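Just below is one structure, and these are the notes that go with it.
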């Protein structure tokens with residue numbers, strides 16, 4: 001298969017139009033991935049997109065390379081299996097915040113700790129969109145959702161710091177409004193060997209927005225523009241204040257040995 | 001008074017008037033509307049309960065395991081993958097003899113991913129020690145939820161009860177339903193009093209390891225309770241009828257079995273279609289009938305035998321399959337008649353997987369096929385063209 005130079009080669013155009021709502025950010029994130037794959041000239045047969053369930057889970061249908069959908073929440077776990085069985089495959093997990101941080105949170109922590117050679121793109125829309133707008137672990141405290149009609153009573157989860165502490169090689173966070181930064185981070189993530197993680201804040205005007213006075217996509221984009229702070233500024237906030245803001249910036253970029261390299265080295269030392 | 005309600009909302013209303021102290025759930029289609037509506041009741045102050053939206057179904061089942069161990073009435077609901085993720089915990093809840101009420105909004109199990117309705121998910125929980133009741137319509141869903149709390153919490157039972165309702169077909173459909181008054185429910189359902197629970201005044205250990213000397217007795221005890229439930233359920237049913245003035249079937253519903261020569265046994269919402277075909281065929285002079293199974297666990301063997309012993313031709317319609325064998329309900333009914341006098345000819349059909357249509361035409365065809373040779377496991381309304389590379393079904 002020839003090496004693609006154009007991002008359009010990575011999109012399955014015959015499957016469009018997609019089923020995402022008007023104003024959804026999934027498409028921007030997906031394009032960011034296609035651009036990065038094209039930039040690095042990764043052949044289509046050498047890349048796999050793994051998805052979970054929910055809105056982001058439909059992304060696998062819209063790419064022209066391998067895609068795989070297993071059980072809800074276990075995406076990172078089966079990616080670990082794919083990675084050790086086929087190490088030369090570039091694996092990108094395209095997950096929602098629920099899949100990544102709630103039901104699959106345990107796998108996220110341990111894949112980051114083991115430093116498996118995977119890229120996880122977490123599309124954070126602050127809600128469970130496909131099932132009708134229930135609150136998720138990243139929903140900020142006091143937000144409204146279909147299961148928190150009087151405001152969410154627990155804090156949103158800071159997945160970036162969690163993954164960074166667990167041992168990932170690359171961690172970054174941004175929003176789909178900041179497209180140039182988004183494309184750059186995805187590109188850096190997929191060129192990292194070891195565990196890489198990009199949290200991408202994405203608008204869901206249909207549910208999160210509707211429940212929280214951000215009824216249209218432009219309003220949500222404005223919200224991202226105002227509320228996404230550079231890492232240095234974000235770090236100065238208290239926990240309570242952080243619930244109202246989104247971090248953007250790179251947290252970690254390092255070159256720890258990934259799981260398979262370490263494994264093979266241990267074997268060879270015996 | 002009757003309200004025009006969506007199936008899920010009707011269930012939420014029924015759960016609300018039973019006043020659980022803890023509700024915990026995780027979103028999954030087609031169950032979600034139930035807990036969303038309960039969340040609304042909590043937000044509006046109509047329902048005083050701890051509502052906890054957790055990080056997975058495994059956690060949801062574990063939360064109610066904890067709250068029930070404290071002796072607090074608890075409720076959860078799920079579907080499909082979510083229910084299967086709960087399975088480990090549900091075995092635990094049954095083993096610890098905790099009276100959970102859980103709704104299963106029946107949905108197909110992946111792969112391939114399907115959000116649509118069949119009954120494979122609850123079938124997978126068949127052996128867990130959970131009482132399973134299947135409903136045909138929304139009124140039955142309301143009534144059996146009230147009944148489920150009473151049955152689960154009866155000190156002679158103390159087992160989880162799962163009310164199974166077909167996803168979308170019932171959860172998302174509207175029907176005029178009668179929701180009893182809270183005062184009526186209060187007299188039917190006394191507050192939960194667990195004799196053995198976690199209590200700081202009287203410490204006890206729950207769920208600790210039991211070696212080969214004790215484990216088997218715990219399973220035996222559940223089996224005995226399941227048998228006793230067959231006696232207890234009609235008793236509780238009488239109370240229910242007295243309070244609501246509405247009849248309630250708890251084992252099964254016999255439909256035009258008098259002098260019937262051919263009977264289709266079915267479960268859940270498809271029973272409506274089957275009954276309609278029975279009506280039509282009766283009008284045409286055919287002696288046909290239907291039996292709608294409600295209580296799958298415990299399986300009311302004697303009662304079913306008495307209802308069916310004079311029927312020469314029986315068809316069992318399963319909306320799940322035990323792959324490698326046949327329809328699970330079919331196997332039960334075959335076993336029911338084994339060694340008995342005048343065993344009928346019993347045929348097994350698999351239909352409606354992943355919400356494939358079962359129309360009146362298909363029901364009629366099933367009735368017609370009962371005249372022929374006995375069939376073990378025939379898929380109805382199968383699209384042979386879609387089998388592609390798979391082995392052709394013969």
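The values are calculated or read from the model by the stated rules, or taken from the named source; none is laboratory data. Just so we're clear, the structure is a prediction, and the values are computed from it rather than from any experiment. Glycine also receives a Cβ, built like all others from the backbone with ideal geometry; neighbour counts cover every protein chain displayed.
Could you tell me whether residue A:93 is away from every other protein chain (no Cβ under 14 Å), without any contact (Cβ under 8 Å) to a residue 60 or more places away in the chain and under 13 Å from the mean Cα position of the chain (by Cα)?
yes
Would you list the helices (runs of 4 or more DSSP H) that sit entirely within the range B:1-87 and hold 1 or more residues that are farther than 30 Å from residue B:196 by Cα, in contact with a helix residue (DSSP H, G or I) (Cβ under 6 Å, 6 or more places away or on another chain) and away from chain A (no Cβ under 12 Å)?
Output list reads B:7-17.
Out of all the residues in the range A:241-255, which are touching a residue at least 12 places away in the same chain (Cβ under 8 Å) and more than 22 Å from residue A:190 (Cα to Cα)?
Residues of the range A:241-255 touching a residue at least 12 places away in the same chain (Cβ under 8 Å): A:242-255.
Matches in the range A:241-255: A:242, A:243, A:244, A:245, A:246.
Being touching a helix residue (DSSP H, G or I) at 6+ places or on another chain (Cβ under 8 Å) and under 17 Å from residue A:20 (Cα atoms) is true for just one of A:167, A:209. Which residue is that?
Sole residue among the options that is touching a helix residue (DSSP H, G or I) at 6+ places or on another chain (Cβ under 8 Å) and under 17 Å from residue A:20 (Cα atoms): A:209.
Just name the residue that is farthest from residue B:177 (Cα to Cα) out of those in the range B:250-259 that are outside any strand (DSSP E or B) and without any contact (Cβ under 8 Å) to a residue 60 or more places away in the chain.
Within the range B:250-259, the match that is farthest from residue B:177 (Cα to Cα) is B:259.
Here are some residues: A:41, A:60. Which one is surrounded by fewer than 23 Cβ atoms within 10 Å (Cβ to Cβ), within 13 Å of chain B (Cβ to nearest Cβ) and under 23 Å from residue A:193 (Cα atoms)?
On inspection, the qualifying residue turns out to be A:60.
Quick check on this structure: which one of A:82, A:76 is closer than 25 Å to residue A:45 by Cα, part of a helix (DSSP H, G or I) and without any contact (Cβ under 8 Å) to a residue 40 or more places away in the chain?
It is A:82.
How about the range B:93-129: which of its residues are under 19 Å from residue B:317 (Cβ atoms) and either assigned to a helix (DSSP H, G or I) or not assigned by TED's automatic domain parsing to the domain that holds residue B:12 (or both)?
B:120, B:121, B:122, B:123
Please enumerate the residues belonging to the range B:90-138 that are closer than 15 Å to residue B:80 by Cα, free of Cβ contacts under 8 Å to residues at least 40 places away in the same chain and touching a strand residue (DSSP E or B) at 6+ places or on another chain (Cβ under 9 Å).
Correct list: B:110, B:111, B:112, B:113.
Table: residues versus (1) within 14 Å of another protein chain (Cβ to nearest Cβ); (2) at pLDDT below 95.
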residue	(1), (2)
A:152	yes, yes
A:157	yes, yes
A:162	yes, no
A:166	no, no
A:169	no, no
A:175	no, no
A:180	no, no
A:187	no, no
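So, in the range A:105-147, how many residues would count as being more than 14 Å from chain B (Cβ to nearest Cβ), closer than 19 Å to residue A:91 by Cβ and not in a loop (DSSP other than H, G, I, E, B)?
10
Using beta carbons and a limit of 6 Å, which pairs, at least six apart or on different chains, have the first residue in the range A:216-231 and within 12 Å of residue A:201 (Cβ to Cβ) and the second one in a loop (DSSP other than H, G, I, E, B) and at pLDDT below 95?
A:220/A:214; A:223/A:214
Could you grab me the full set of residues in the range B:187-214 that are in a helix (DSSP H, G or I) and either on the phi > 0 side of the Ramachandran plot or at pLDDT 95 or above (or both)?
Matches in the range B:187-214: B:188 only.
Specify which of the listed residues (A:76, A:53) is buried (at least 24 other Cβ atoms within 10 Å of the Cβ) and over 20 Å from residue A:190 (Cα atoms).
A:53
Check residue A:41 against each of (1) out of contact with any helix residue (DSSP H, G or I) (no Cβ under 7 Å at 6 or more places or on another chain); (2) closer than 15 Å to residue A:187 by Cα; (3) touching a residue at least 40 places away in the same chain (Cβ under 8 Å) and name the one condition it does not meet.
For residue A:41, the exception is condition (3).
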